[in-house]
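Undergrad: The structure that follows is given in the form of structure tokens.
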Amino acid sequence: MLRQTGKRLITAIPSLIGVIVVTFLLTRVLPGDTAAYFAGPAATPQAIAEVRAKLGLDQPLPKQFVRYVRDLAHGDFGTSLTTGQPVISDIASRLPASAELTLLGLVIAMAIAVPLGILAAVRQGSLIDHACRIVATAGVSLPVFFTGLLLVYAFYFLLGWAPAPLGRLDVFYTPPPQVTGFYLIDSLLARDLALFRACLAPLILPAATLAIFSLAPIARMTRAAMLSVLASDFVRTARANGLAPHRVIVTYAFRNAMLPVVTTLGMVFSFLLGANVLVEKVFAWPGIGSYAVEALIASDYAPVQGFVLTMAVLYVLLNLAIDLLYGVIDPRVRIEA
Amino acid sequence: MSGAMRMEPGAVAAPAPPAKQTSLLSHARHVIGENPVTGLAFGLFVLLALCALLGPAIAPYDPLASDVAAKLQAPSLHHWFGTDEYGRDILSRVMVAARLDLGIAIFSVALVFALGGVSGVAAGFFGGWTDLIVGRIADTIMAFPLFVLAMGIVAALGNTVTNIVIATAIINFPLYARVARAEANVRRDAGFVQAARLSGNGELRIVLTQVLPNVMPIMVVQMSLTMGYAILNAAGLSFIGLGVRPPTPEWGIMVAEGAGNIISGEWWIALFPGAALMLAVFCFNLLGDGLRDIVDPQRRT
């Protein structure tokens, strides 16, 4: 098992190298002269040359690349011009907010989409099946920022159930003492139920927005996987042997249908991490997505590059985790690998 | 030799096309009959195309003209979709924006169709180094969350509409390259390719005249399936302030402009452009599904 894990870890390396090369190229094709940009608008040619030498931009590209990788290895992502802080500490302090939102969105989506997909497959052609198809088609057509705004209008303006979309926690509360960085978990660890509720309230709408967005592929894949498993020989045998229907579906069919669903998660994460940026903008969520958007508007490039790199590395790691999970679920993969 | 070759497919094909065409037509009719939603999607498409082509001519107001006296008006007979905070007519802005939104999507899809199609077919047909390089490029793009990569590309290349088109094309590249590669790979040693090779055709000629035409139908379906995604992606980028700049009417940026007003109850500013966006994406997704059913019945889901 350890050797398999090691082999899988190695397969992630080409992806990581690709990601680093691409982000490096993105830093080097900045519009205009990077050195002139960092030196500021009032800089003399001499000052620009100095900055160029300091940033290593007068060196040949391969040398610049080595320097770039060395900086990354030391956790140096540059400094944000707007916050004045090193990009890496900005990102580290904002990452938990994004992670909490994205993961909760995914959990909600799974909790709805998987049962929906199973029911649609079991009762093929029924009302639930049609509902599943509508959800799947509508879900991929809805722009995620638009869904978010509709939810805000309905649940904040009309019904008044949700708080204003203005961040992670109402200003009257102080955040729980930091343990995991996830407010929900930290507030529970602090045994403060009132604070837990205050942390949950602003989280529900953005998480629901992300969930609506990622429902579609999960539901569609669950349905398709269940359909093909339900048509297979071992399910027919199980049925012929007189096993109870729920037993056939849950124990026999569902476990096998989970495999393609887990594979789809990789694609779902690609969507989620992108949608996250838009949702954070709509709900003024203090995560890394809104950090990158603010930096983009201020033409502050170091945070944007740090953000792209962080997201890509996270995504590679998530895919790796999904691969490993796949091996845990399906023993056959372990043997073949 | 080449004369015989030219004659041979002609002789076989002569009776075939009419039969194939009628069956395709009846199949199309069958698909639309079974799935009236595809017909609805086609109607929507015509409406969108009309707006894109004639938008500025048929819009009731000037999309850029502000009228402070008539600002933030709810939908009424004068302004069907209401007015925004500068008093601009939202219906006109939504109609005029169709050209820009569809234009970005069409150009990016055409770009990736050419790039992905050519490199995918080359990879699938020639294999070896070509396959390795194309595969590596596609894998590297897929290693990023795609919208995030698009943000990074637009930030690096410069904040313009052209770069939104390029970024949208790049993030769709792996999809096209893979489909084209798989289709070309299957046909690399197919009977008709072998026959063409035996008749003395060069490899390049075989790719262009035998393989490429066979890969086309699937690629066209792919185009209409990714149009919706391209529109969503471009609108998402302009929603966060990339590419299109105000006061240019564009659906994504119009939703962004109306986002602040949602909290105070002026829902129409964001709703109508958002709904237009949603309908456009919905329309292309349905059309793509319908087209796939017609072209490639085996891949139906």
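Undergrad: Within segment B:123-157, how many residues are free of Cβ contacts under 8 Å to residues at least 24 places away in the same chain, among the small types (G, A, S) and either under 14 Å from A:T23 (Cα atoms) or at the interface with another protein chain (Cβ under 7 Å from one of its Cβ atoms) (or both)?
TA: Residues that pass the stated criteria total 3.
Undergrad: May I ask you to list the residues in segment B:258-274 that are of a type outside the set (F, W, Y) and either outside any helix (DSSP H, G or I) or more than 8 Å from chain A (Cβ to nearest Cβ) (or both)? Steps first, please.
TA: To start, the set of residues in segment B:258-274 that are of a type outside the set (F, W, Y) comprises B:258-266, B:269-271, B:273-274.
If the condition is that a residue be of a type outside the set (F, W, Y) and either outside any helix (DSSP H, G or I) or more than 8 Å from chain A (Cβ to nearest Cβ) (or both), then B:G260, B:N261, B:S264, B:G265, B:E266, B:I269, B:P273 are the ones that fit.
Undergrad: Specify the residue that is farthest from A:G167 (Cα to Cα); the eligible residues are those in segment A:302-337 that are more than 10 Å from chain B (Cβ to nearest Cβ) and small (G, A, S).
TA: A:A337
Undergrad: If you check every pair at least six apart or on different chains, which have Cβ atoms under 8 Å apart with a residue in segment A:9-28 that is within 8 Å of chain B (Cβ to nearest Cβ) and closer than 15 Å to A:A302 by Cα first and a residue that is surrounded by fewer than 16 Cβ atoms within 10 Å (Cβ to Cβ) and aromatic (F, W, Y) second?
TA: Final answer for the pair search is none.
Undergrad: Determine whether A:S299 is out of contact with any helix residue (DSSP H, G or I) (no Cβ under 7 Å at 6 or more places or on another chain), more than 10 Å from chain B (Cβ to nearest Cβ) and more than 27 Å from A:L2 (Cα to Cα).
TA: Details: out of contact with any helix residue (DSSP H, G or I) (no Cβ under 7 Å at 6 or more places or on another chain): yes; more than 10 Å from chain B (Cβ to nearest Cβ): no; more than 27 Å from A:L2 (Cα to Cα): yes.
In short, no.
Undergrad: Among the residues of segment B:113-160, count how many are under 22 Å from the mean Cα position of the chain (by Cα) and among the hydroxyl-bearing types (S, T, Y).
TA: 2
Undergrad: How about segment A:317-333: which of its residues are out of contact with any Phe, Trp or Tyr (no Cβ under 9 Å at 6 or more places or on another chain) and of a type in the set (A, V, I, L, M, F, W, C)? Reasoning before the result, please.
TA: Residues of segment A:317-333 out of contact with any Phe, Trp or Tyr (no Cβ under 9 Å at 6 or more places or on another chain): A:317, A:320-321, A:323-332.
Once the filter is applied, which keeps residues that are out of contact with any Phe, Trp or Tyr (no Cβ under 9 Å at 6 or more places or on another chain) and of a type in the set (A, V, I, L, M, F, W, C), segment A:317-333 yields A:L317, A:L320, A:A321, A:L324, A:L325, A:V328, A:I329.
Undergrad: Condition first: β-branched (V, I, T), surrounded by fewer than 17 Cβ atoms within 10 Å (Cβ to Cβ) and either touching a residue at least 60 places away in the same chain (Cβ under 8 Å) or not in a loop (DSSP other than H, G, I, E, B) (or both). Now tell me which residues in segment A:138-180 satisfy that.
TA: A:T180
Undergrad: Still on this structure, I have one more. Within segment B:181-237, how many residues turn out to be of a type in the set (K, R) and assigned to a loop (DSSP other than H, G, I, E, B)? Before you say what the answer is, go through the steps one by one.
TA: First pass over segment B:181-237, keeping only residues of a type in the set (K, R): B:181, B:187-188, B:197, B:205.
Filter once more, keeping what is assigned to a loop (DSSP other than H, G, I, E, B): B:188.
Here the count works out to 1.
Undergrad: Against the conditions (1) more than 10 Å from chain A (Cβ to nearest Cβ); (2) part of a helix (DSSP H, G or I); (3) β-branched (V, I, T), where does B:V255 fall short? Just the number, please.
TA: Condition (1) is where B:V255 drops out.
Undergrad: Could I ask something else about it? Condition first: under 21 Å from A:I17 (Cβ atoms), of a type in the set (A, V, I, L, M) and modelled with pLDDT of 80 or more. Can you find one or more residues in segment A:70-83 that meet it? Walk me through how you get there before you give the answer.
TA: Within segment A:70-83, the subset under 21 Å from A:I17 (Cβ atoms) is A:70-78.
Narrowing further to those that are of a type in the set (A, V, I, L, M): A:72-73.
From the residues that got through so far, the ones that are modelled with pLDDT of 80 or more too are A:72-73.
Yes, segment A:70-83 contains a residue that is under 21 Å from A:I17 (Cβ atoms), of a type in the set (A, V, I, L, M) and modelled with pLDDT of 80 or more.
Undergrad: Just checking, does segment A:108-123 include any residue being buried (at least 16 other Cβ atoms within 10 Å of the Cβ) and under 21 Å from A:A198 (Cα atoms)?
TA: Scanning segment A:108-123, I find at least one residue that is buried (at least 16 other Cβ atoms within 10 Å of the Cβ) and under 21 Å from A:A198 (Cα atoms), so the answer is yes.
Undergrad: Continuing with this model, one more query. Identify the single condition in (1) outside any helix (DSSP H, G or I); (2) over 30 Å from B:G260 (Cα atoms) that B:T130 does not satisfy, given that it satisfies every other one.
TA: (1)
The values are calculated or read from the model by the stated rules, or taken from the named source; none is laboratory data. Since we're looking at a predicted model, the values are computed, not measured. Virtual Cβ from ideal backbone geometry, glycine too; neighbours counted across all protein chains shown.
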